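Student: Take this structure, written in structure tokens, and hold onto it; I'll ask about it next.
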Amino acid sequence: MERPENGSSSASTTDTPQVLRPLTLKRMFVPFGIVVPATSAVAPEVARLAESVELFCLSPHRNGGAELALDLAELSRCLNLLNLKASEMAATFAGTDEYDRQCAYSPIHWLRTNCHLTAGAAADRVAVGQLVQSVPQSVEAMAGGEIGFAHLALIAREAEAAAETGLDSFDETKLLEKARNFTVGRFRNFCHHQRHALDPQQYAAEEASAIEARSFSLQTGQGGVWIRGLLDPEGGNALRTALEPLARRNGKADHRKRDRRLGDAIVELAQHGHRSHLQVTASLETLLQHSVAPAADLEFSLPISSAAVQRLACDCNVTRILLGAESQVIDVGRSTRTVSAPMRRALDTRDKGCRWPGCDRPARWSAAHHVVHWSKGGTTDLGNLVLLCARHHWMVHEGGWQIVRTEGPGYKTVPPQLDWFASRARGPDTRAA
């Protein structure tokens, strides 16, 4: 390979390739657009690593499929080890005030800016570095190529969550066993189930915080309207489930790219709105909110809490599926509607819309709420049903509010018990102070 050096003529192909930069690397960091020269060179160990990596990148690779399979697996193992070392360094860096001296908001903000990472990846580096001593078996498994760095980061996050709940020790054995056999995506879902089983209240609280953090903005700009927002897993899944059928290609002649089809789908949904259908898979223990029950699987999204399952189960189709010891399907029952079509028509006629005081959402935008949930013995009849829109239905199930019938035809709401040490969900139709 020919490579010019400092403007000189190209070297012969037999010459030793030159590294991409000299061993003494004087970094230039750019916080907020201000160029500040570094005052010292990088560590000799980092310089030697950079030289070796650059020489490796300049060298040709083997082309055989079987050979590449071996080389790629080993290269990935080395990258995982480098990520582990970078995590240890990031955790040490987070314990200094250098990020503040360079005008960054936090160590994670500095890592995002200077190491070109996403916020999640930067936080993973710090978490792994801080908790590496708590997960020695997982570190050893990663070093041996049994799991990847992404698996290790998820295990470290679970160790972090366990510490926050007050557990004195963290057992990584079960998680590591699953990590060895699961892809990163499946393992992430398993970690959500594990966290829900250990502390369902905290899982539901985090879920509620994500819902409270929902945001959506529309801004008119040059050429159109810009959309920006953030949705929780359930809300994002509801939007995606509603958009996916409308975003399919319309035959072979449809050459629209996916982003264009999604853009067309959201406009079509807004012009011809309909109720979307969510597919939730939950065990009976989760529905009954038993302790150590796993979370429920939500199609196209992350697992959801048992509290969210009970809300969705108020007005849905329920299919009984009997599983064997190895999760093999033994029997599938008929799909039954918790609120039948005739009962729903009668409820729509009686309530005409959401019955939360002050709400004007129509019946077709509302769900049939069981005042006493059917999983707890409540009956599915007009006396135990009331229409609630999605917002107020969530307030009753996850927000801690109650809606009770008055002596007349109306209803009144009861706020959750006040906890001075925790933020309470604000009443949807109450002005903030």
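Student: Could you pull out the residue among Glu268, Glu234, Glu212 that is acidic (Asp, Glu), in contact with a strand residue (DSSP E or B) (Cβ under 6 Å, 6 or more places away or on another chain) and within 25 Å of Arg364 (Cα to Cα)?
Tutor: Just one listed residue meets the conditions, Glu234.
Student: Could you tell me whether any residue of segment 194-214 is over 21 Å from the mean Cα position of the chain (by Cα) and closer than 30 Å to Trp394 by Cβ?
Tutor: Residues of segment 194-214 over 21 Å from the mean Cα position of the chain (by Cα): none.
No; the residues of segment 194-214 include none that is over 21 Å from the mean Cα position of the chain (by Cα) and closer than 30 Å to Trp394 by Cβ.
Student: Which of the residues belonging to segment 310-335 are within 29 Å of Tyr411 (Cα to Cα) and β-branched (Val, Ile, Thr)?
Tutor: Val318 - this is the single residue of segment 310-335 that is within 29 Å of Tyr411 (Cα to Cα) and β-branched (Val, Ile, Thr).
Student: Working only within segment 344-364, note down all residues that are touching a residue at least 60 places away in the same chain (Cβ under 8 Å) and assigned to a helix (DSSP H, G or I). Give the steps one after another, and end with the answer.
Tutor: The first filter runs over segment 344-364 and keeps only residues touching a residue at least 60 places away in the same chain (Cβ under 8 Å), leaving 356-359, 364.
Result: Arg364, single match.
Student: I'm trying to understand the selection: among the residues of segment 53-72, which are loosely packed, with under 11 Cβ neighbours inside 10 Å and either within 25 Å of Ile147 (Cβ to Cβ) or among the acidic types (Asp, Glu) (or both)?
Tutor: Gly65, Ala66, Ala69
Student: Considering each of Gly236, Gly223 in turn, give the residue that is among the small types (Gly, Ala, Ser) and without any contact (Cβ under 8 Å) to a residue 24 or more places away in the chain. Give the steps one after another, and end with the answer.
Tutor: Values: Gly236 fails: without any contact (Cβ under 8 Å) to a residue 24 or more places away in the chain.
One residue alone meets the criteria, Gly223.
Student: Would you say Lys174 is touching a Lys or Arg at 6+ places or on another chain (Cβ under 9 Å) and within 28 Å of Ala91 (Cα to Cα)?
Tutor: no
Student: Within the group Ser291, Ser283, which residue is in contact (Cβ under 8 Å) with a residue 60 or more places away in the chain and either under 14 Å from His393 (Cα atoms) or not assigned by TED's automatic domain parsing to the domain that holds Thr406 (or both)?
Tutor: Residue meeting the stated conditions: Ser291.
Student: A follow-up question, please. Looking at segment 247-260, which of its residues are in a helix (DSSP H, G or I) and either modelled with pLDDT under 85 or under 20 Å from Phe216 (Cα atoms) (or both)? Don't jump to the end; show me each part of the working.
Tutor: Start the filter on segment 247-260 by keeping residues that are in a helix (DSSP H, G or I), which leaves 247, 258-260.
Asp259, Arg260, listed by residue number.
Student: Hey, which of the helices (runs of 4 or more DSSP H) in segment 41-134, taking only ones fully inside, have at least 2 residues that are over 23 Å from Leu175 (Cβ atoms)?
Tutor: By residue number, 44-58, 65-94, 98-101, 107-114.
Student: Checking Asn83 against (1) over 26 Å from Thr113 (Cβ atoms); (2) of a type outside the set (A, V, I, L, M, F, W, C); (3) at pLDDT 95 or above: exactly one of these is not met. Which one?
Tutor: (1)
Student: Can you say whether Val332 is at pLDDT 90 or above, within 34 Å of the chain's Cα centre (by Cα) and of a type in the set (Val, Ile, Thr), as far as the supplied structure shows?
Tutor: Numbers: at pLDDT 90 or above: no; within 34 Å of the chain's Cα centre (by Cα): yes; of a type in the set (Val, Ile, Thr): yes.
It is false that Val332 is at pLDDT 90 or above, within 34 Å of the chain's Cα centre (by Cα) and of a type in the set (Val, Ile, Thr).
Student: Which of the following residues is of a type outside the set (Gly, Ala, Ser), modelled with pLDDT of 90 or more, under 30 Å from Gln201 (Cα atoms) and not in a loop (DSSP other than H, G, I, E, B): Val318, Val386?
Tutor: Val386
Student: Sticking with this one: Count, please, the residues in segment 278-311 that happen to be closer than 20 Å to His369 by Cα and assigned to a loop (DSSP other than H, G, I, E, B).
Tutor: Selection size over segment 278-311: 6.
Student: Sort out which residues of segment 351-391 are surrounded by fewer than 19 Cβ atoms within 10 Å (Cβ to Cβ), within 31 Å of the chain's Cα centre (by Cα) and of a type in the set (Gly, Ala, Ser), and write them in order of number.
Tutor: Ser375, Ala390
Student: Any residue at all in segment 261-274 that's in contact (Cβ under 8 Å) with a residue 24 or more places away in the chain, surrounded by fewer than 17 Cβ atoms within 10 Å (Cβ to Cβ) and assigned to a loop (DSSP other than H, G, I, E, B)?
Tutor: yes
The values are calculated or read from the model by the stated rules, or taken from the named source; none is laboratory data. All figures in this text were calculated on a predicted structure; none of them were measured in a lab. Note that each Cβ is placed from the backbone with ideal geometry, even for glycine, and that neighbours are counted across all protein chains shown.
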